[in-house]
Amino acid sequence: MAEKSKRGFASMDVEKQRQIASKGGHAAHQKGTAHEFTPEEAREAGRKGGEAVSKNREHMAQIGRVGGKQSHKNNKKKKEEQSPEMES
């Protein structure tokens, strides 16, 4: 498969893309056409997203492994801070 060349918006650096997107968001809010989620809509969207992600068991296992490693790393640091090695 041939590689596509980046053109237009995709060819811009990330900061430039953010600036343009930000202007669009500000304009939509000023115009009154921007959608603002109610707490209920946000809750429902989060629930749906969580359900979709949790269906992928491999992805959830990966998240658990990363979280476990991070937790153990933090526990090790705490133990070292609580009981520093004795100097001779």
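The values are calculated or read from the model by the stated rules, or taken from the named source; none is laboratory data. Predicted model only: the values in this text are computed from it and were never measured. All Cβ positions, glycine included, derive from the backbone under ideal geometry; neighbour counts span all protein chains shown. The area values use the complete protein model at the heavy-atom level, side chains included, leaving out ligands, DNA and RNA. Shrake-Rupley method; radii C 1.70, N 1.55, O 1.52, S 1.80 Å.
A few comments on the model shown:
- Seen against the Cα atoms of the chain and their longest principal axis, helix 14-31 is set at about 60 degrees.
- Within the accessible area of the chain (1.4 Å probe), percent carbon and sulfur: 54
- Computed E for HIS35/ASP13 - FRET, C-beta separation, R0 25 angstrom, nearest 0.05: 0.35
- Structure-derived Rg/Rh (Cα atoms, Kirkwood Rh): which label, when the choices are (1) 1.22; (2) 1.03; (3) 1.14: (1)
- Lysine-lysine proximity count for the chain, Cα under 22 Å, sequence distance 8 or more or distinct chains: 6
- Between HIS29, HIS72, HIS59, the GNM of the chain built on Cα springs shorter than 10 angstrom shows HIS72 fluctuating the most.
- Overall form of region 32-83 per C-alpha gyration tensor (a/c, 1.5; a/b vs b/c): oblate
- Exposed loop sites are taken as GluC sites (Glu not before Pro) in a DSSP loop (any state but H, G, I, E or B) with at most 11 other beta carbon atoms within 10 Å; the longest stretch of the chain without one runs 37-84.
- Degrees separating the helix 39-54 axis from the principal Cα axis of the chain, which is the longest one: 60
- Across the chain, the longest run free of exposed loop sites, meaning trypsin sites (Lys or Arg not before Pro) lying outside DSSP classes H, G, I, E and B with no more than 16 other Cβ atoms within 10 Å, spans 8-54.
- Taking 7 Å steps out from each Cα toward its Cβ at VAL53 and LYS23 produces label points 3.3 nm apart.
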